[in-house]
1. Just to be sure, is PHE75 out of contact with any Lys or Arg (no Cβ under 8 Å at 6 or more places or on another chain) and either hydrophobic (A, V, I, L, M, F, W, C) or at pLDDT 90 or above (or both)?
2. Among the numbered criteria (1) open to solvent by 30 Å² or more (accessible area, probe 1.4 Å); (2) at pLDDT below 90; (3) closer than 23 Å to ALA41 by Cα, which single criterion is violated by GLY146?
3. Being in contact with a strand residue (DSSP E or B) (Cβ under 9 Å, 6 or more places away or on another chain), on the phi < 0 side of the Ramachandran plot, open to solvent by 20 Å² or more (accessible area, probe 1.4 Å) and not in a helix (DSSP H, G or I): is that true of LEU81 here?
4. Mind counting the residues in segment 157-189 that are of a type in the set (Val, Ile, Thr), open to solvent by less than 50 Å² (accessible area, probe 1.4 Å) and closer than 22 Å to LYS135 by Cα?
5. Do you know which residues across segment 84-131 are among the aromatic types (Phe, Trp, Tyr) and either modelled with pLDDT of 90 or more or surrounded by fewer than 19 Cβ atoms within 10 Å (Cβ to Cβ) (or both)?
6. From SER67, SER79, SER111, grab the single residue that is over 30 Å from SER192 (Cα atoms) and of a type in the set (Ser, Thr, Tyr).
Amino acid sequence: MKNHRSGIYGLLLWASLLLVMPLSNALAADLLAPQKAIEQASVQLKQNMQDPAFTKDFAKINQFVESVIYPHVDFNRISALVLGKIWKDAPQDERARFKKEFQTLLVRTYSRAFVEFKDWSVRFLPLKLGADDKKAVVRTEILQPGLQPIGVNYRMVLSNGQWKVYDIMIEGVSLVTNYRTTFQNDLQNKGSLSAIIDGLADRNREALAGNPSGQS
């Protein structure tokens, strides 16, 4: 899958979580724990979107977004899933480097969405959750005026008492599957995980140096 398509997909995907509109207290009270984890992050993010000065400072946005979403996303699990066999065969230092750069990629993609998308809202669909369930799929629909709803599902896991996202599916297309294909192709082209990480690091540096609208 081409990196261009991956970047566009990632931008839409992370925007889907970023742009959840805060719910009324009555409705929010009816949400189950995995849904509340998503809602909690969205409220924090939405509050800062009201400040035009804040949205002009990409570095500040990036730092803020990372601080908000980090507790709600299982980056270890996502990193392992997107690399698959590559992760299993990688030494610990390369795993750590990849996780760092991949997390930066997702956060800055998310941060671009913070700036570019403003008129979305969300509808949480019913969720059945057993008392002993450790995994859940939180189903939502992203709404835009005049457009058909977009189905966005969050695969979540209960980790150390907290519900965390480890995959997001837009209209049935998975973030994990999308990036796994991308990195498998990169491995064939670049020859090693180290080269993949170096490429990610270069793109992250360029973006954070002042090109937030550049491709992922």
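1. Values: out of contact with any Lys or Arg (no Cβ under 8 Å at 6 or more places or on another chain): no; either hydrophobic (A, V, I, L, M, F, W, C) or at pLDDT 90 or above (or both): yes.
Here the answer is no, as PHE75 does not meet what is asked.
2. (3)
3. Values: in contact with a strand residue (DSSP E or B) (Cβ under 9 Å, 6 or more places away or on another chain): yes; on the phi < 0 side of the Ramachandran plot: yes; open to solvent by 20 Å² or more (accessible area, probe 1.4 Å): yes; not in a helix (DSSP H, G or I): no.
Considered against the rule, which asks whether it is in contact with a strand residue (DSSP E or B) (Cβ under 9 Å, 6 or more places away or on another chain), on the phi < 0 side of the Ramachandran plot, open to solvent by 20 Å² or more (accessible area, probe 1.4 Å) and not in a helix (DSSP H, G or I), LEU81 comes out as no.
4. 5
5. Quick first cut of segment 84-131, residues among the aromatic types (Phe, Trp, Tyr) only: 87, 98, 102, 110, 114, 117, 120, 124.
Answer for segment 84-131, where residues must be among the aromatic types (Phe, Trp, Tyr) and either modelled with pLDDT of 90 or more or surrounded by fewer than 19 Cβ atoms within 10 Å (Cβ to Cβ) (or both): TRP87, PHE98, PHE102, PHE117, TRP120.
6. Working: SER79 fails: over 30 Å from SER192 (Cα atoms); SER111 fails: over 30 Å from SER192 (Cα atoms).
Going through SER67, SER79, SER111 in turn, just one is over 30 Å from SER192 (Cα atoms) and of a type in the set (Ser, Thr, Tyr): SER67.
The values are calculated or read from the model by the stated rules, or taken from the named source; none is laboratory data. Keep in mind that what you see is a predicted model, and the values were worked out from it rather than measured. Cβ coordinates were reconstructed from backbone atoms using ideal geometry, including for glycine residues, and neighbour counts include every protein chain displayed. Areas reflect the complete protein model, heavy atoms only, side chains present, ligands, DNA and RNA absent. Shrake-Rupley method; radii C 1.70, N 1.55, O 1.52, S 1.80 Å.
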